[in-house]
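Asker: First the structure, which I've put down as C-alpha cells, then a few questions once you've had a look.
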Amino acid sequence: MKTPDKNVIGVDFGSDSVRAVIVRAETGEVLSAGVSFYERWRLGKYQRPEQAVFRQHPQDYLDSFVECVGRALDGLTEQERVKISGIGIDTTGSTPAPVDEEGTPLALLEEFSENENAMFYLWKDHSAHREAEEISRVFSGGSDINYCKYMGTYSAEWYWAKILHGIREDREVREKAYTWVEHCDWMVGLLTGNTRPETMYHSACAAGYKALWNREWGGLPDGALLAGIDPCLRRVRDRCGNDPRPATVCAGVMSEKWRALLGLPEGVTVSGSSFDAHAGAVGAGIDEKMLVCTIGTSAVDMVVMKPGQLKNVDIQRLTRYGGLAEDGILPGYVGIETGQAAFGDLFAWFKRLLLWPFEQIREFTGEDGCELIYEEAEKRILPLLEKAAAALPEKTDFPVALDWFNGRRYPDTDDLKRGMISGLSLGCGAPEIYRALVFAAVGGLNRILCGFDKAGVRIEKVRAVGGISRKSDYIMQMMADVTGRKIAVLDADQTCALGAAVYAAMGSGCYEDIHEALVHMAAKEEKQFYPDKNMEDHYRERYEEYLRAAERMS
C-alpha cells in the first residue's frame, strides 16, 4: 500500500437513485454516505412499461449526483474531507444516449429537452427487441467472424440494438446525434472535463459486454458489417476513439469546475468506470471460482477466470448461460456475466397488483384516512407476505412460476419471453403465490449454476450482495436450499458504491495491486445460509416442475 491515510468516494448510479459512499482506503470503513432519488423518474416520467420503454433524463443524473455526493461530504469533518484523493463511478448498463460533437447528451439541448428518444436508454428498456434480433443474426452469421461468440444471442438491453432502434424511431435524433455514449463513460468524461467522443475514456466493462469489443477481432465489430445494418452504426464505431480500459485506471484529474462545485481538494483523480453489478462484484471481493450474485430489481451474477483457463471450458455451451469480456470485472481476467432480467421486480410487481384496490380507493375519496391506509399497506405488504409464506407447511404444494417477467436474460437470451404462474386453485392465497415467485427467482439462478457446471466453470463459493440479500432471510434460505450451496451474505449495504470506491483507490494510487485493495477494502461475510437437507427432495421435485414449465414456454 502506497498512501494509507487517504479517503475515496464511490458513486453508484442505480435504476432509481444515486448512492455515494466515502471510504477510508486503508480499511474499507465507510465514513459517510448519501443518497438521492431521480426526481423525474420518481414522478414516472419517460416510462412506458407496457411498451418496455424506460428512458432517463441526463439532468436527473446531474442533479442527483451533486445532491448525493454533497450529503456524503456533509457527514465528514474538514480533516477527513481534505484526505479525499479519488472518485470512482459505476452506472447501470447498457445505458447509452445520443450526443453531439462535444459529447453533450441531446436531451440537455433545449430543442430535445423533453424528447425521450434523446435521453439515456435505461438498461431494462427492451423497445429494441426487433433490432436485437437483426443484429444477432448479422453479428453471428454475416461474416467470417462470429461477433456473438463470447456473448451468445444479442440482447435488446445492449448498446448497438438501442442505438439502431433510436435512429430508426426518431429522424431528428438520427440527424442531430454525432455519436452515442454509455452513461458510465459520460460521467467519467464529465468529471475530467473531456466528453469529446474521440478522446474520452471508454469502459472495458461496457465495451466488452455490450458493444462486443474484443482483441481477438481487433476491437469493435467490423465497420463494413455495421454499415450494412445502418451507416449510422459505422459512424458510431469510427468516432469511438480510444480503446477501452479497465475501471481501475486513472482516467484523469477532476476538472476545476467540478472540484469547486463539490467542494473537494485539489488533485482528486477520477478512475475508470464500470456497470453497477460489476462494481458490486468488486466490492464483494470477487475471486476465482466464486460467484457473486448482485440481487436487486434484476439479478446480475459474476465470475472471473484467468484467460488460460478458458481452454477447459465449453465456450459454446457457456454462452447460453453467460457472456464473457476481457477486463470486464478485474484487470487481467476474463469476466463472466450472467443473471436474470427480473428478480426483485417480481415482488414489486406482485406488490403493485395487491395495492391496486387501495390506489383506486385513495384516488376516489381523496381522504386523509385512505392515504394513511395506503401508506401503511405499501410499507407492510411484502414483509407480511414473507412472514405468511414462511409460516406455510414446509413441504406444501404451491403454484409453479417462471421468472421471465422482463424477458429471459439467461439461458438463451430472449427479450420477448414472458413470465407465467400455473397450478392455481381456489385454495391458493397470496402467500402461496409469493412463495411461487420466490422459488421462480431462485430456480432461475439454479438453472444458471447448473449450466455453468456443465460448461466446465467450477463454482466453489457463492456470495450474495444487494438489498434483498440483507433484508430477506427467507429468500436467502430458499436460495441455499434450491441450489444446494452455502450462500454467504456480506456486511455492506452499498456494495456497488464500495466497488466504485475500490476503483477510486486504485486510480488514485492508494494501491498498486487489485487483490491487495480487495483484502483491505472489500465487504466481509456477515451471515451464512446452509442447505436444509430435509427440504432437498421436495425442492428437487419442484425444480423439475420449474424446468418442465420452462421447456413448455420455450
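The values are calculated or read from the model by the stated rules, or taken from the named source; none is laboratory data. Note that this is a predicted model, so its numbers are computed, not measured. Positions of Cβ are generated from backbone atoms using ideal geometry, with glycine treated the same way; all protein chains shown enter the neighbour counts. Surface accessibility is based on the protein's heavy atoms, side chains included, excluding ligands, DNA and RNA. Shrake-Rupley method; radii C 1.70, N 1.55, O 1.52, S 1.80 Å.
Asker: Taking the Cα centre of the stretch 377-458 as origin and charging only Cβ (+1 Lys, Arg; -1 Asp, Glu), how large is the dipole, in debye to the nearest 20?
Answerer: Using only the charged Cβ atoms, the result is roughly 160 debye.
Asker: Identify all lysines with a Cα-Cα distance to Lys351 below 18 Å; exclude those on the same chain that are fewer than 8 residues away in sequence.
Answerer: Once the sequence-local lysines are set aside, what remains near Lys351 is Lys379, Lys387, Lys471.
Asker: Could you please state how large a percent of the accessible area of the stretch 334-456 is carbon and sulfur, counting protein chains only and using a 1.4 Å probe?
Answerer: Roughly 58 percent of what the probe reaches on the stretch 334-456 is carbon or sulfur.
Asker: Test of understanding: given the chain, find the longest segment containing no trypsin sites (Lys or Arg not before Pro) that are in a DSSP loop and have at most 15 other Cβ atoms within 10 Å.
Answerer: 3-288
Asker: Which is farthest toward the positive dipole end of the chain among Ser136, Gly14, Gln360, measuring Cα position about the Cα centre, with Cβ charges +1 (Lys, Arg) and -1 (Asp, Glu)?
Answerer: Final value for the positive-end residue is Ser136.
Asker: Where does the charge balance sit around Ile145 when Lys and Arg score +1, Asp and Glu -1, over other residues with C-beta under 11 Å from its C-beta?
Answerer: The answer is -2.
Asker: Moving on to the next point. In a Debye calculation with equal point scatterers on the alpha-carbon sites of the stretch 1-106 and no solvent, what is log10 I(q)/I(0) at q = 0.17, 0.20, 0.24 Å⁻¹?
Answerer: -0.84, -1.01, -1.24
Asker: Next up: Report, ordered by chain and residue number, the lysines lying within cross-link reach of Lys533, taken as a straight Cα distance under 16 Å and ignoring same-chain residues fewer than 8 apart.
Answerer: Of all the lysines, those that pass the test against Lys533 - Cα under 16 Å, at least 8 places apart if same chain - are Lys395, Lys486.
Asker: Dividing the alpha-carbon radius of gyration of the stretch 435-554 by 2.2 N^0.38 Å (N being the number of residues), what value is obtained?
Answerer: So the stretch 435-554 has a normalised radius of gyration of 1.27.
Asker: Give the average over all directions of the projected area of the C-alpha convex hull of the stretch 82-182, one decimal, in nm².
Answerer: Details: hull surface 36.8 nm².
That works out to 9.2 nm², a quarter of the Cα hull's surface.
Asker: If contacts are Cα pairs under 8 angstrom and at least 6 residues apart, what is the relative contact order of the stretch 325-428 in percent?
Answerer: On the way: 94 pairs, mean separation 27.1, N = 104.
This gives 26 percent for the stretch 325-428.
Asker: Here's something else I'd like to know. Quick one, could you list the DSSP H helices from the chain stretching 30 Å or more along their long axis (Cα atoms) with average Kyte-Doolittle hydropathy of 0.0 or above?
Answerer: Membrane-span-like by this rule: 344-365, 430-455.
Asker: Moving on. If the cut-off is 14 Å between C-alpha atoms, which aspartates and glutamates fall inside it for Lys527, apart from same-chain ones fewer than 8 positions away?
Answerer: Asp473, Asp491, Asp493
Asker: Translational D (Stokes-Einstein, µm²/s) of the stretch 36-84 at 20 °C and 1.002 mPa s when Rh comes from the Kirkwood sum over C-alpha pairs?
Answerer: This corresponds to a translational diffusion coefficient of 168 µm²/s.
Asker: Something else about it: Considering only protein heavy atoms and a 1.4 Å probe, what is the carbon-and-sulfur percentage of the accessible area of the stretch 1-107?
Answerer: Exposed carbon and sulfur together represent 47 percent of the surface.
Asker: What percentages, rounded to whole numbers, describe P(r) for the stretch 207-265 computed over all alpha carbon pairs with 10 Å bin width beginning at zero?
Answerer: 19, 35, 22, 19, 6
Asker: Sticking with this structure for a sec: If you average the sequence gap of Cα pairs under 8 Å that are 6 or more apart and divide by the length of the chain, what percent do you get for the contact order?
Answerer: Reported as a whole number, the value is 17 percent.
Asker: Give the residue from Gln494, Tyr38, Asn406 lying farthest towards the positive end of the charge dipole for the chain; charges sit on Cβ (+1 for Lys and Arg, -1 for Asp and Glu) and the dipole is referred to the Cα centre.
Answerer: The residue sitting farthest along the positive end of the dipole is Asn406.
Asker: Given q = 0.11, 0.21, 0.22 Å⁻¹, what are the Debye log10 I(q)/I(0) values for the stretch 399-469, with equal point scatterers placed on the Cα positions and solvent ignored?
Answerer: -0.35, -1.02, -1.06
Asker: Okay, next question. If ligands, DNA and RNA are left out, what is the accessible area of Phe120 with a 1.4 Å probe, given in Å² to the nearest 10?
Answerer: We get 0 Å² for Phe120.
Asker: Could you run the Debye sum over the Cα atoms of the stretch 150-220, one equal point scatterer each and no solvent, and tell me log10 of I(q)/I(0) at q = 0.16, 0.17, 0.24, 0.25 Å⁻¹, two decimals?
Answerer: -0.66, -0.74, -1.18, -1.20
Asker: Count the net charge of all other residues whose Cβ sits under 14 Å from the Cβ of Phe54, scoring Lys and Arg as +1 and Asp and Glu as -1.
Answerer: Residues close to Phe54 contribute a combined charge of -1.
Asker: Would you list Leu426, Leu355, Leu416 from the most to the least accessible area, probe 1.4 Å? Don't skip to the end; give the middle numbers.
Answerer: Working: Leu426 185, Leu355 5, Leu416 85 Å².
Accessible-area ranking of Leu426, Leu355, Leu416, largest first: Leu426, Leu416, Leu355.
Asker: Same structure, new question: I'd like to know which of Ala505, Met476, Ala522 lies farthest towards the positive end of the charge dipole of the stretch 469-554, counting +1 on Cβ of Lys and Arg and -1 on Cβ of Asp and Glu.
Answerer: Farthest along the dipole direction, towards plus: Met476.
Asker: Mean shadow of the stretch 295-359, computed from the convex hull of its alpha carbons, in nm²?
Answerer: The number I arrive at for the stretch 295-359 is 5.5 nm².
Asker: If we count every other residue with Cβ under 10 angstrom of Gly34's Cβ, Lys/Arg +1 and Asp/Glu -1, where does the sum land? Could you put the intermediate results ahead of the total?
Answerer: Numbers: positive: Arg19, Arg71; negative: Glu67, Asp74.
Value of the local net charge: 0.
Asker: Using the Cα centre as the reference, give the magnitude of the dipole from point charges on the C-beta atoms of the stretch 255-350 (Lys, Arg: +1; Asp, Glu: -1; all else neutral), rounded to the nearest 20 debye.
Answerer: 180
Asker: Which three semi-axes in whole Å describe the equivalent ellipsoid of the stretch 324-440, each the square root of 5 times a Cα gyration tensor eigenvalue, listed largest first?
Answerer: Value: 34, 21, 14 Å, ordered largest first.
Asker: Also, quick follow-up: Rolling a 1.4 Å sphere over the protein heavy atoms, what is the accessible area per residue of the chain, to the nearest Å²?
Answerer: Details: 21920 Å² over 554 residues.
About 40 Å² of surface per residue is accessible.
Asker: While we're here: Could you give P(r) for the chain, binned at 20 Å from zero, as whole percent values over all Cα-Cα pairs?
Answerer: Taking every Cα pair in the chain, the percentages come to 22, 56, 22, 0.
Asker: Just the number, please: carbon plus sulfur as a percent of the accessible area of the stretch 130-275, 1.4 Å probe, no ligands or DNA/RNA counted. Intermediate results must be reported in sequence, preceding the final value.
Answerer: Working: 2390 of 5520 Å².
Of the solvent-accessible surface of the stretch 130-275, carbon and sulfur hold 43 percent.
Asker: While we're looking at this one, here's another question. Please figure out what share of the DSSP beta bridges in the chain is antiparallel and state it in percent, rounded to the nearest 5.
Answerer: Of all bridge pairs located within the chain, approximately 70 percent are antiparallel.
Asker: Here's something else I'd like to know. Treat every Asp and Glu Cβ in the stretch 1-125 as -1 and every Lys and Arg Cβ as +1, leave all other atoms uncharged, and give the resulting dipole magnitude about the Cα centre to the nearest 20 debye.
Answerer: With only Lys, Arg, Asp and Glu charged at Cβ, the dipole is about 500 debye.
Asker: Given only helices, namely DSSP H runs of n ≥ 4 each adding -39500 (n - 2.57), what is the per-residue ellipticity at 222 nm of the chain, to the nearest 500 deg cm²/dmol?
Answerer: -13000 deg cm²/dmol
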